[in-house]
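Comments concern the structure below.
Quick note: the coordinates plus some simple rules give every number you see, no bench work behind them. From a predicted model like this one, the values you see are computed outputs, not experimental measurements. Reconstructed Cβ throughout: ideal geometry from the backbone, glycine too, with neighbour counts over all protein chains shown.
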Amino acid sequence: MLKEVVEEDCAGCHSRITDRFYLLAVDRQWHLGCLQCSECKLSLDTEVTCYSRHGNIYCKHDYYRYVSL
Ligand SMILES: [Zn+2]
Ligand SMILES: [Zn+2]
């Protein structure tokens with residue numbers, strides 16, 4: 001059975017990534033503008049690390065706030 005290649009779909013907006021540059025985070029691919037903290041909407045395209053929990057992306061600050069609750 002042929003497997004459809006879906007690797008180029010952005011994990012944020014679910015549309016195909018045709019940009020030359022994209023981000024690879026939490027084993028998924030993102031448009032540069034789509035990788036942002038789901039809490040404070042901070043753009044994470046300049047962050048070295050980002051954090052994911054339950055499918056949501058968090059910046060470091062919000063992630064640690066979240067896990068410390
Ligand atoms: Zn996107
Ligand atoms: Zn945040």
>> At a 4.7 angstrom Cβ threshold, list every cysteine in the chain that has nobody to pair with, or say none.
In response: 10, 13, 34, 40, 50
>> For residue 58, what residues show an amide H to amide H distance below 5 Å, using hydrogens built from the backbone and excluding near sequence neighbours?
In response: 38, 51, 52, 53
>> Going by amide H atoms built from the backbone, whose H comes under 5 Å of the H on residue 25, apart from near neighbours?
In response: 30
>> Give me the three principal axis extents of the chain from the C-alpha atoms, as integers in angstrom, largest value leading.
In response: 45, 27, 17
>> I want to verify a result. In a Gaussian network model of the chain, Cα cutoff 10 Å, which of these has the top mean-square fluctuation: 50, 13, 34?
In response: 13
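Please report the relative contact order for the chain, taking Cα pairs under 8 Å with a sequence separation of at least 6, and give it as a percent rounded to a whole number.
Relative contact order comes out at 21 percent.
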> What are the trypsin sites (Lys or Arg not before Pro) within region 11-68 that DSSP puts in a loop, where the Cβ has at most 13 other Cβ atoms within 10 Å?
Replying inline: 20, 41
> So for the pair residue 38, residue 56, with labels modelled 7 Å out along Cα→Cβ, what separation do we get in nm?
Replying inline: 0.6 nm
> What ³J(HN,Hα) values, in whole Hz, does the Karplus curve 6.51 cos²θ - 1.76 cosθ + 1.60 give for region 19-27 when θ = phi - 60°, with x put for Gly and Pro?
Replying inline: 5, 6, 10, 9, 9, 10, 9, 6, 6
